[in-house]
Amino acid sequence: MEDTAKINPIILDPIQDAMGTMGRWQIIITLTISLINFPAAWNQLAIAVIAPGQDFTCISPVPINSNDSMFKACSVKINESLPEVPCDKFSYDDSVFKSTIISEWDLVCSRKYLQTLVQPMTQLGILIGNMVFGIVADKIGRKKPLMIAVIVQAITGIITACMPIFELFLLFKFISAIATGGTMLISFVIGK
């Protein structure tokens, strides 16, 4: 009766037994991989601070008396006899964010669709980066592609922040996202 009441000790898998417990090397690898992935997270979440909702008003293309004008968000009607004039200059509420991609490149009204391209281009870049860097890492190893991805991500991240033209900003954001996809995928595999 006592024999049946005894609990059998847990038998570890031979491979798990050979690997041992979490040691100094595993901790170093985990911390290093975590540091590599911080910029990847920033790249993914940047949209929240670079393109937040921002109030704006139309700046009239002609000097007008405010009593006879009717402002709308994207156009101004100078008086009843003239048609509405589309705005080509805007004033932005900078009480929360001093500058955003919306205010930098006037991504409002007829250009509003451009602000919605940033996140899909980022996600597409990450998808392509996962595929490309995954294949390359399988062929030549993990270390070199990871270092290339980290360097490309750092360089394109800096270039993206300084870009004066929206289309180039979008291009470098896309390239940075490809590198982000590489760092995310390879670091996950190394960390396992």
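The values are calculated or read from the model by the stated rules, or taken from the named source; none is laboratory data. No experiment lies behind these values; they were computed from the predicted model shown. Here the Cβ positions follow ideal geometry from the backbone for every residue, glycine too, while neighbour counts run over all protein chains shown.
Before moving on, here are some points about what is shown:
Residue-by-condition table, conditions (1) without any contact (Cβ under 8 Å) to a residue 24 or more places away in the chain; (2) farther than 27 Å from LYS173 by Cβ:
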{"position": "ALA73", "(1), (2)": "no, no"}
{"position": "LYS77", "(1), (2)": "yes, yes"}
{"position": "SER81", "(1), (2)": "yes, yes"}
{"position": "PHE90", "(1), (2)": "no, no"}
{"position": "LYS98", "(1), (2)": "yes, no"}
{"position": "LEU107", "(1), (2)": "no, no"}
{"position": "ARG111", "(1), (2)": "yes, no"}
{"position": "GLN115", "(1), (2)": "no, no"}
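- Members of region 96-112 that are over 16 Å from ILE165 (Cα atoms) and exposed (fewer than 15 other Cβ atoms within 10 Å of the Cβ): VAL96, LYS98, SER110
- Which listed residue, of ASP94, ASP68, is part of a loop (DSSP other than H, G, I, E, B), charged (D, E, K, R) and modelled with pLDDT under 80: ASP68
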